[in-house]
Amino acid sequence: MRAIGIDIGGTKIAGAVVDEFGTIVKHDRTPTIAAEPQVIEDSVVAMVQSLAEGEEIAAVGVAAAGFIDASQSVVYYAPNINWRNEPFREKLQDRLGMHIIVENDANAAGWAEFRFGAGRLVSDMVMLTIGTGVGGAIVSGDRLFRGGFGAGAELGHMRVVPGGLPCGCGAHGCIEQYGSGRALLRLANELADAGGIGQVLASVRQRKGVLTGQDVSELVTIGDPGALSALRTLGTWIGQACASLGAVLDPQLFVIGGGVAQAGDLLLDPIRQSFLESLPARGYHPEPSFAIAELVNDAGVVGAADLARQYAESI
Ligand SMILES: [Zn+2]
């Protein structure tokens, strides 16, 4: 049975009809033209109706950034859309007459990776998505972990430095401030300021006025010592966070996703090394593997569709 997955992002809404093997059989996308709840709702309804034409659809899963309650119905809060305690599932159900679930976007992406990507052979997995910020998802005992109120697995806001850098969440010292794409840029700028191995970073910054993530990625690719050093420092922070997560959750696998993960082993190597150096009781238990995410752009829609299909089968 096929299901529809919708991923509401900051710049676009992506949608797809997905089969039970995680394969996209039809897809659609539209720009997110406004953060207005009614506009977003109308766009999602129109997209679902268009995708469902001529298909037998079991259910619809909608993924969005934000806090969603444990019954996958109400969006408590969304950073990009003006949703506060929005009963989004009920509204969509009323308009579409289909089974609906609403899921946090990082959870949906992690679930897709668990079912059809790098995590398909394990029962326990932690995914860290290294984009502008740090997102996360936890699968434990073949189940997606949501927490008691549905707001769990906010791995980017795990504290790694007490009293550290201020974070957008209001706390200080979150891993998002040390292990994200934004943190990589900060590290690269610090190296550019310091001269030495940062001189190529400094010359690019001077020529363009500002360093971008793309610049740092390109310099990593050509082996620039400054860019590689910034990436290693980033990996070291992420590895430390993984050691704490490993002690709590004991996963067989850590999956690293997001734009920065395109660096592959150049990022995984320092993560692994720092993980092993920070791992409590090392040597007394099996150690997890590290892998790069496989379902890059489609993970949100594929995961949302699969979670929706499983929900429909469970009722
Ligand atoms: Zn935070």
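Just so you know, all these numbers are worked out from the coordinates, no wet-lab data involved. Note that the structure is a prediction, hence the values are computed from the model and not measured. Using ideal geometry, Cβ is built from the backbone for each residue, glycine included, and neighbour counts are taken over all protein chains shown.
Some observations on this one:
- When only Cα pairs below 8 angstrom with a gap of at least 6 residues are kept, region 231-315 shows a relative contact order of 39 percent.
- Acute angle (nearest 10 degrees) that the helix 225-249 long axis makes with the longest principal axis of the chain, alpha-carbon atoms: 60 degrees
- Within the same chain, lysines fewer than 8 places from Lys26 are excluded, and of the rest, those with a Cα less than 19 Å from its Cα are Lys12.
- Mean projected area of the convex hull spanned by the Cα atoms of region 117-269, taken over all viewing directions: 9.8 nm².
- For the chain, averaging the sequence separation of C-alpha pairs within contact (under 8 Å, six or more residues apart) and dividing by the residue count gives a relative contact order of 22 percent.
- Cα-derived Rg over Rh, computed across the chain with Rh taken as Kirkwood radius: 0.99
- Computed over region 61-182, relative contact order equals 20 percent, with contacts defined as Cα pairs under 8 Å that lie 6+ residues apart.
- Coil-residue chymotrypsin sites (Phe, Trp or Tyr not before Pro) of region 145-183, DSSP, other Cβ within 10 Å capped at 12: Phe149
- Restriction of the trypsin sites (Lys or Arg not before Pro) in region 225-303 to DSSP coil positions whose beta-carbon has at most 13 other beta-carbons within 10 angstrom yields Arg282.
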